[in-house]
Each structure stands twice: as structure tokens, then as C-alpha cells.
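The values are calculated or read from the model by the stated rules, or taken from the named source; none is laboratory data. Quick caveat, the model's predicted, so the values are computed rather than measured. Please note: Cβ atoms are built from the backbone with ideal geometry, for glycine as well, and neighbour counts cover all protein chains shown.
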Amino acid sequence: MDRTDTLPPDIELARLLQRCAASDTAAFRSLYDKTSPILFARLLRMLRRRSVAEEVLQDVFVRIWQRASQFEAHRGHALAWMVTIARYCAIDLMRRERMTLVSDDAIAEIPDETAQDATGFEKPDNFDHCIGKLNDNTRKCLTLAFVEGRSHDEIARLTTNPLGSVKSWIRRGLLSLKECLSTARQTT
Amino acid sequence: MKSANRELVDRLAAEYVLGTLRYRARRRFERWLLSPQVGAIVKAWEERLAGLEPNLTPVDPPAEVWRGIENKLELRKIRRRPVTRWMAIAASLLFFVAVGVFFTRPVAPPITGTSLLAADAQTIYWRVEVLGDREELTVHVQNVYDLPQGKAHELWALPEGGAPVSLGLMPHMGDRRVVLTAAQRTALANSKQIAVSLEPEGGSPTGAPTGPVLLVAPLAKA
């Protein structure tokens, strides 16, 4: 594998995706080598079971290959596009199977968050300001849902809050975030 | 879009991207994703919530994962391999002399056949297109066919006088491109109809349809 510790610039991944769209299998292998460790870590974080994450990772790359022609380089970032496919594959499985948290020994495998910005995801302008304005409960709910793929029921159980509160915090939190980000965009 | 609808779509789009819709609501919402307006709303939410994306320490997956992907996509059978520039020139000169036809072949093969898998004229679930000399299929989701938990929809060629041959699993959103094997191409060449059956997740374990046949449709020349 030719993975280096830092990912290549997004533009290189976008070029590889374009070559995948033209059925270039060598480009696909290169894309896999460069991005599979990031996507695998992301899937482990959500699915927690290694064997399941390995299976879903296969489906993710099958989709990436099949949908490479739909990636629009001018409209988005290649890695973000691939991570979104991975998140949706994991969420589909978790919702379909109603997968819940597993025992603690399996959780030991969850990849750590690093201070180092290895992946370079682009945050919208003023994101930190806007997420900081939400109350702690709301922020916790949104993070559990987005980062770990937890359902409303699971979040209620994990945070020992009533389901109704969790649902309304999430709904209102999303609205506040949208409003704050659009205001921030207009004033900058 | 009416403003009340827009609000509902926006709320559902946000929870679709966040991941908190239940399975059936997720599938139903994906039906709306065919609309470019809804697609744009989802994309806006994907960009907003990307700020929550964690920076994780990468973890190398085991080598079996790549082998699995190679097998699923039959990558070794794909002939259009990348070539370096000088090789391309050399090869093109050679082929130009040997098989002039090669050059006239467009990069994306043309659509040569279509089939609409539908319950009735109003309810088309999938549109299947055959590309080129049956080298590839594209499957487009028109309407989402309900899928019970732990099940999958599988597409079959129904060759005359022979057993059904699997053409792979059906997508539930967007479209899917399938590169066909020689056996699948032969089966399709002898088929006037294709069908979708309900199978266990991952597809029929036996290689033949095991569940009920849900839809059968004629295969028409384009």
C-alpha cells in the first residue's frame, strides 16, 4: 500500500474518481489505497464491529466505483463525497437491522479522534461559532447521531433523557444551526 | 414547491443527512431524491453538517476487503485498462491497422435495449438499459419498491429454454451500473424478458431465484 500519513490533496482524489468513471481499475486501486484507512476508521466508529465494518467497506467501494461518474468535481470535495457514501451505507445497515450498541470489548476498537487534521474536512464558515451557540444537550445529541450513527431511541438511552426531548432538541438544533450558518454567511 | 412542503422536505432532509430517520422513512425520503430540488436541499445539509465530521486516526483494513471488492465488481475482467501515453500511441497505431473498428467504438457504449420493471403503466420501479453489445447494464430507480428487513431485490435474465441467470442486486436509490460477465451476456442475448425476485440479503444463496418473482418485463430493443 502506498498510503502516506497525510492524504493527498483533494484534487488528486477528484482526478482519481474521474479516471474511475472511465473504468480505470488502476486509478480505483490507488484511490482505495489512499482513502480506505480513513473510510474504515469512520465505519468502525459507527458500526463498532470489525467484521461488519469490513463488509460495509466493500459495499462502499463498490458504490464509489459504480457512482464515480456522478461525482461532480466542481460541486464538492472528493473525500467528503466518499465519506458521505460510507456514512449512508453504515446508517442504512444500522437502521435496517436495528443494530444497537455492542459489548464493551468490541468498543475498544473504536478509532481515536486526533487533534491533527489528517482528513481536512471543510467546515462551513463560522461552523464552530454556530455549533458553540447550541446548548450542551443539543450538541451532544447531534454529535451522537452524526458521528456515531445513533438513532433517536439510542441517544435517549445513552444520555438518559426522554425520547421526546431528544427529538425536539435535534429538530430545533438543526434549525438553529441552519439559521446561524446562513446569517453568518450573509454578514461575512 | 409550496412553502409548507419546502419546510417538511427541509426537516426530513436534515434528519436524512443526520441519519436519524427510521429505515422506512429513509427509503421513502430517497424516493424524493430523484427531484433535483430535493437533491439540492440534501446537498446543502450535507455541506452544513460536514462540520461535525471527526478527524479519526486512520485504520488499515485487512487485505481481504480489497479482494472482496475485486470479486464483487469483477475488476479483473474489465478490459479497458489504463495505458500510458506512449503505449496508447503504439497500441492505437497497431489497432488502427489491425482492427479499425476499435476506434469507432465510443467510450460509453450506446443504449441498445431497455426494459421497464413496473406494476402498471403508472408505477415504474426500475428502468433497465442495456449498453453496447450487452457489455453493461444501467439500472435507474424510478420508484422505490418496498423492501422487508434482511431482504434484497435481485435481477434475472430469463433465457429461453434455460434457467434464470442473475444480473445482480437492484439499487434502491439513484442508479447502478453493472458490468456483465460473458455468461450473463449470453443469457441476456437469449432473453426476451427480465425479472426481479425477492431474495435474502446479499442475493440468492443458490444461484437460482428462491423467493417470489415480483416483476417481469419484456426486454425491448432501443
Condition check for residue A:46: more than 9 Å from chain B (Cβ to nearest Cβ) and either within 17 Å of the chain's Cα centre (by Cα) or under 18 Å from residue B:176 (Cβ atoms) (or both): no
Pair list, Cβ < 9 Å and 6+ apart or interchain, from the range B:117-143 residues that are not assigned by TED's automatic domain parsing to the domain that holds residue B:74 and surrounded by 17 or more Cβ atoms within 10 Å (Cβ to Cβ) to residues that are β-branched (Val, Ile, Thr) and not in a strand (DSSP E or B): B:125/B:144; B:134/B:186
Selection from the range B:196-221 of residues that are touching an Asp or Glu at 6+ places or on another chain (Cβ under 9 Å) and exposed (fewer than 11 other Cβ atoms within 10 Å of the Cβ): B:205
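Here's the yes/no breakdown for (1) part of a helix (DSSP H, G or I); (2) modelled with pLDDT of 85 or more; (3) more than 20 Å from residue B:130 (Cβ to Cβ); (4) not aliphatic (A, V, I, L, M):
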| site | (1), (2), (3), (4) |
| --- | --- |
| B:184 | yes, yes, no, yes |
| B:188 | yes, yes, no, no |
| B:193 | no, yes, no, yes |
| B:197 | no, yes, no, yes |
| B:202 | no, no, yes, yes |
| B:205 | no, no, yes, yes |
| B:210 | no, yes, yes, yes |
| B:214 | no, yes, yes, no |
| B:217 | no, yes, no, no |
Residue satisfying all of: in the range B:1-49; outside any helix (DSSP H, G or I) and more than 21 Å from residue A:97 (Cβ to Cβ); nearest to the other protein chains (Cβ to nearest Cβ) among these: B:33
Selection status of residue A:41, within 9 Å of another protein chain (Cβ to nearest Cβ) and among the aliphatic types (A, V, I, L, M): yes
Selected residue (only one of B:69, B:78 is modelled with pLDDT under 85, within 23 Å of the chain's Cα centre (by Cα) and facing chain A (nearest Cβ under 7 Å)): B:78
Members of the range B:150-181 that are aliphatic (A, V, I, L, M), within 14 Å of chain A (Cβ to nearest Cβ) and in a loop (DSSP other than H, G, I, E, B): B:170, B:173, B:180
Given (1) touching a Phe, Trp or Tyr at 6+ places or on another chain (Cβ under 9 Å); (2) of a type in the set (D, E, K, R); (3) modelled with pLDDT of 85 or more, number of the condition residue B:177 does not satisfy: (3)
Scan of the range A:64-87 for residues that are within 8 Å of chain B (Cβ to nearest Cβ), closer than 21 Å to residue B:141 by Cα and without any contact (Cβ under 8 Å) to a residue 40 or more places away in the chain, ordered by number: A:66, A:67, A:70, A:84
Number of the exception - residue B:147 against (1) closer than 16 Å to residue B:214 by Cβ; (2) assigned to a loop (DSSP other than H, G, I, E, B); (3) more than 14 Å from every other protein chain (Cβ to nearest Cβ): (3)
Test: residue in the range B:199-211 that is more than 22 Å from residue B:74 (Cα to Cα) and not assigned by TED's automatic domain parsing to the domain that holds residue B:73: yes
Residue in the range B:44-57 that is in contact with a helix residue (DSSP H, G or I) (Cβ under 8 Å, 6 or more places away or on another chain), crowded, with 18+ Cβ neighbours inside 10 Å, among the polar types (S, T, N, Q) and not assigned by TED's automatic domain parsing to the domain that holds residue B:140 present: no
Those residues of the range B:50-66 which are over 23 Å from the mean Cα position of the chain (by Cα) and in a helix (DSSP H, G or I), in sequence order: B:50, B:51, B:52, B:63, B:64
Single residue of B:56, B:117 found to be modelled with pLDDT of 80 or more and more than 14 Å from chain A (Cβ to nearest Cβ): B:117
Residues (more than 20 Å from residue A:45 (Cα to Cα) and more than 9 Å from every other protein chain (Cβ to nearest Cβ)) located in the range A:118-151: A:125, A:126, A:129, A:132, A:133, A:134, A:135, A:136, A:137, A:138
